[in-house]
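Data first, discussion second: the structure below is written as structure tokens.
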Amino acid sequence: MLKEFSNKVQSLQPSAIREILKFTADPTVISFAAGNPAPEAFPTDVIAKLSADIFAEEPINALQYSITEGYPKLREWLRDDLTKKGMFKDGDNIVITSGAQQAIETTAKILCNEGDVIICEDPAFIGSLNAFRSYGVKLVGVPMDSDGMIMDELEAALKANPTTKFIYTIPNFQNPTGKTTTLERRKQMLELAKKYGVYIVEDNPYGALRFSGEDVTNIKELDDSKHVLYCGSFSKVLAPGLRVGYLLGDAEVIAKATVGLQTSTVHTNIWAQMLTYRFLTTVDFDAHLAKLRDIYRNKCKLMLDGLKAELPDFIELTSPEGGLFIWGTLPEKYNMNEFCTEVVHRKVALVPGNAFSADESAVSHSFRMNFSTPTDEQIVKGVQILGQAAREILK
């Protein structure tokens, strides 16, 4: 049997998160490993009504082929909204994508040759890392502290890697750490991008889910030189199953991205785009977002308070101001993978930190926990199990 795979995919491995999620098929397992919105966050009744309206009023438009650029009414709404926020600049354009994941993948597709470098936070979102790996690029991770990517380390990486095409960052409530990059670091990152002639790919799926603290200016807002490509998504604020995201940036880049999308998906699901537009224009979207923030504020507090009470104080925890994730770090003398394995045997699933490393051989002492997916009761019980496991294993 022939098994010759292309060089681009030979090194790709299944997502560690997806592998761990197999354990959650067991209904007795409490999953802190997912990254899904809370079930109670879905506006199912409204979506059902709007969908029925679409098929009653314009069914053929919802079922027919459409243009790659995206549903014109949705693109116009986005242009107006992003202009008000100071992000849509002269010379910019937008293309609708199948979630932010496709926007991220497409940037690598159109900008990178095999062997080129992409610099990213370390740790970083595994979905993006695997998308980049599929194009045969070299990933260079830059360590983070509580303020985000360390700028001295970023400049050192840029100096050492002249074939860098872009810096990839999730500046708001980062996946997996929950950290937020400070305004000063964002300004510094942009200046470094200008200095070394590279793009910044700003991935912002969680920005609207801030439930404490003050908003921080997006890097795209600061950009006056067309160095920032911005990936947005409705997955976390409406429904991920719709797969509606977008890529914003210099019109020439967006034009090439549009051609790149034509070779893969032809266009993003048009019914989902029409539904998204109707939701944005007929529902009180600000009130909807406020409800989501309340849900995640309460869930995060419940988990974080429980973790601080149950876990030994030598386990470091991030305290996110939004998003979906908390990051835990063990002292170096402990084996994080063994801890996560033992915990899942006790029916609680975590994600090992090395799943998020640019260097797949790197050792990690951290793990990711998600507070949005489990119920409040599961959070309380799961944290208690974690605490007992930590007291028994980490001696």
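The values are calculated or read from the model by the stated rules, or taken from the named source; none is laboratory data. None of the values given here were measured: they were computed from a predicted structure. In this analysis, Cβ positions are derived from the backbone assuming ideal geometry, glycine residues included, and neighbour counts consider all displayed protein chains. These area figures cover heavy atoms from the full protein model, side chains too; ligands, DNA and RNA do not enter into them. Shrake-Rupley method; radii C 1.70, N 1.55, O 1.52, S 1.80 Å.
Before moving on, here are some points about what is shown:
- Hey, ALA208 small (Gly, Ala, Ser), at pLDDT 95 or above and under 15 Å from the mean Cα position of the chain (by Cα) or not: yes
- Odd one out for SER264 among (1) open to solvent by less than 20 Å² (accessible area, probe 1.4 Å); (2) at pLDDT below 95: (1)
- For segment 66-82, the criterion of being surrounded by 12 or more Cβ atoms within 10 Å (Cβ to Cβ), at pLDDT 95 or above, β-branched (Val, Ile, Thr) and in contact with a strand residue (DSSP E or B) (Cβ under 8 Å, 6 or more places away or on another chain) is met by at least one residue.
- Picking from residues in segment 268-315 that are aromatic (Phe, Trp, Tyr) and crowded, with 16+ Cβ neighbours inside 10 Å, the one that is nearest to the chain's Cα centre (by Cα) is TYR296.
- Condition broken by GLY207, with the remaining ones in (1) surrounded by 23 or more Cβ atoms within 10 Å (Cβ to Cβ); (2) within 17 Å of PRO320 (Cβ to Cβ) satisfied: (1)
- Some residue of segment 154-167 being over 23 Å from ALA33 (Cα atoms), β-branched (Val, Ile, Thr) and in contact with a Cys (Cβ under 6 Å, 6 or more places away or on another chain): no
- Contact map, segment 329-349: first residue under 16 Å from ALA25 (Cα atoms) and in contact (Cβ under 8 Å) with a residue 60 or more places away in the chain, second residue buried (at least 20 other Cβ atoms within 10 Å of the Cβ) and aromatic (Phe, Trp, Tyr), Cβ cut-off under 9 Å, separation 6 or more or different chains; pairs are VAL348/PHE32; ALA349/PHE32.
- Single residue of segment 168-204 satisfying the filter (within 26 Å of CYS300 (Cα to Cα) and part of a helix (DSSP H, G or I)) that is most open to solvent (accessible area, probe 1.4 Å): LEU183
- Pairs, first open to solvent by less than 40 Å² (accessible area, probe 1.4 Å) in segment 133-148, second among the small types (Gly, Ala, Ser) and in a helix (DSSP H, G or I), C-beta under 7 Å, six or more apart: TYR135/ALA108; VAL137/ALA108; VAL140/ALA157; VAL142/ALA157
- Annotation: of all residues in segment 83-132 being under 23 Å from ALA355 (Cα atoms) and β-branched (Val, Ile, Thr), the one that is surrounded by the fewest Cβ atoms within 10 Å (Cβ to Cβ) is ILE126.
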